[in-house]
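Encoded as structure tokens, the structure appears first; notes follow it.
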Amino acid sequence: MNTTGNTPETSRLDDAARAGWLYYVAGNTQDEIARKLGVSRQSAQRLVSLAVSEKLIKVRLDHPIARCMELAQRLREAYGLKLCEVVPSDPDAPSSLVGVAQAGAAEIERRLKSQHPKIIAIGTGRALRACVEQLPKMDCPQHRIVSLLGNMMSDGSATAYNVVIRIAERVNARHYPMPLPVHARSSDERSILHNQEPVRNILELARQADVTFVGIGNMDVNSPIYVDGFLSRDELRAFDKAGAVGEITSWAYDAEGRIIDGLVNDRVNSAPLIAGSPNPVFGIATGEAKVPAIRGAMKGRLINCLITNEFTAQRLLET
């Protein structure tokens, strides 16, 4: 079937795929689907049934919706991405991670299925945790999963959204959590911490990673890095004044994807954020608040693969 043409059959299956996604993935009722798609309840019911009869629905949505494919292609061309996947958006929840988490899990699972040993580097955050929760149980002792950043708060407690241990337990892989707080107290302390043999080994594994998955954070009063207590209000203001629009693994960067010099970046314990990696670096993020951060990450080649949703993709393509 030609999914790029605008034939009545394509449009009908696209509508069925959207209805199927809203029903089976986002958990909408048929009345809610009817309202969101602008059709009658009976039409919504028929579209959901069509999604099943045409085998568009399995555990994950198995239909490349034409508009999502078009947006993904445009993003690849605009930003020189290696890969881009755009999933449907719930019109009432454009920042929802439901479909994006399933797409991210599918990409991680595909890498884990390799019989050849891989080093998989993982960031942290809500998006990545949502992806890991969608992963099936697997047995992958041949792979190594390494954390890109510290897994401790300043008081020594574990961070709420660290996912390396969670994913390793789920897939039975060797794992290498970073035994450090997210920020050191000074740049000198960071140097001392990074010179410890276990940390040096983890940083080297991160450098050698075959594939990397990271979340992308915004930089405002609603940003996870501030809300979760990793930055003070004054530190956030200083980053804003310096032009910061986003952060990846706690490294703050500007609208062109350039890492901000100085400030708290001098104390970040994370593995270095390298622009232009030859290996896949997946950014996983959605929502209006994250559009400047995602765009900056793509411009600066901090990521070269993207998993997002239809709403966010459209905003990223607007000038």
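Here, each number is a calculation from the coordinates, and none is a lab measurement. Please read all numbers here as calculations on a predicted model, not as lab measurements. As a convention, Cβ positions derive from the backbone with ideal geometry for all residues, glycine included, and neighbour counts pool all protein chains shown.
On full extension of the chain, what length is gained from Val227 through Val52, given 0.36 nm per residue of separation minus the C-alpha to C-alpha distance? Present the calculation step by step, with values, prior to reporting the outcome.
Working: separation 175, 0.36 × 175 = 63.00 nm, distance 4.17 nm.
Net length gain for the segment: 58.8 nm.
What list do you get for Glu70, Glu310 if you sort them by fewest beta carbons within 10 Å? Numbers along the way, then the final one.
On the way: Glu70 14, Glu310 22.
Ordered from fewest to most neighbouring Cβ atoms within 10 Å, Glu70, Glu310 come out as Glu70, Glu310.
Go through 16-24, 262-270, 140-148 and give me the packing order, highest mean Cβ count within 10 Å leading. Don't skip to the end; give the middle numbers.
Working: 16-24: 24.1, 262-270: 18.8, 140-148: 21.3.
Descending mean neighbour count gives 16-24, 140-148, 262-270.
Which aspartates and glutamates have a Cα less than 13 Å from the Cα of Lys241, not counting those fewer than 8 places away in the same chain?
In chain and number order, the partners are Asp220, Asp254, Asp261.
Kindly work out what percent of the DSSP beta bridges joining two residues of the chain are antiparallel, to the nearest 5.
Working: 12 of 36 bridges.
Approximately 35 percent, going by the DSSP bridge assignments.
Using the 10 angstrom Cβ neighbour count as an exposure proxy, how do Met219, Met69 rank, fewest first? Numbers along the way, then the final one.
Working: Met219 26, Met69 15.
If I rank by nearby Cβ atoms, fewest first, I get Met69, Met219.
Kirkwood Rh, the chain, all Cα pairs: how many Å? Don't skip to the end; give the middle numbers.
On the way: mean 1/r = 0.0488 Å⁻¹.
By the Kirkwood definition, the hydrodynamic radius is 20.5 Å.
Let me spell out the model: positive unit charges on the Cβ of Lys and Arg, negative unit charges on the Cβ of Asp and Glu, origin at the Cα centre of the range 66-317. What dipole size does that give, in debye rounded to 20? Numbers along the way, then the final one.
Working: 29 positive and 28 negative charges, 122 e Å.
In debye, rounded to 20, the range 66-317 gives about 580.
Take Asp92 and Glu169, extend 7 Å from each Cα along the Cα→Cβ direction, and tell me the distance between the two endpoints in nm.
The answer from the label model is 3.3 nm.
Lysines within cross-link reach of Lys36: Cα-Cα under 30 Å, excluding same-chain residues under 8 positions apart?
Lys55, Lys58, Lys290
Can you compute the helix-only [θ] at 222 nm over the chain? Use -39500 (n - 2.57) per DSSP H run of at least 4 residues, normalise by all residues, nearest 500 deg cm²/dmol.
Values: 13 runs with 128 residues, N = 319.
Taking each H run of at least 4 residues, the total per residue is -11500 deg cm²/dmol.
May I ask you to list the aspartates and glutamates whose Cα is less than 13 Å away from that of Lys137, ignoring any residue fewer than eight positions away on the same chain?
Excluding near neighbours in sequence, the set is Glu109, Glu169.
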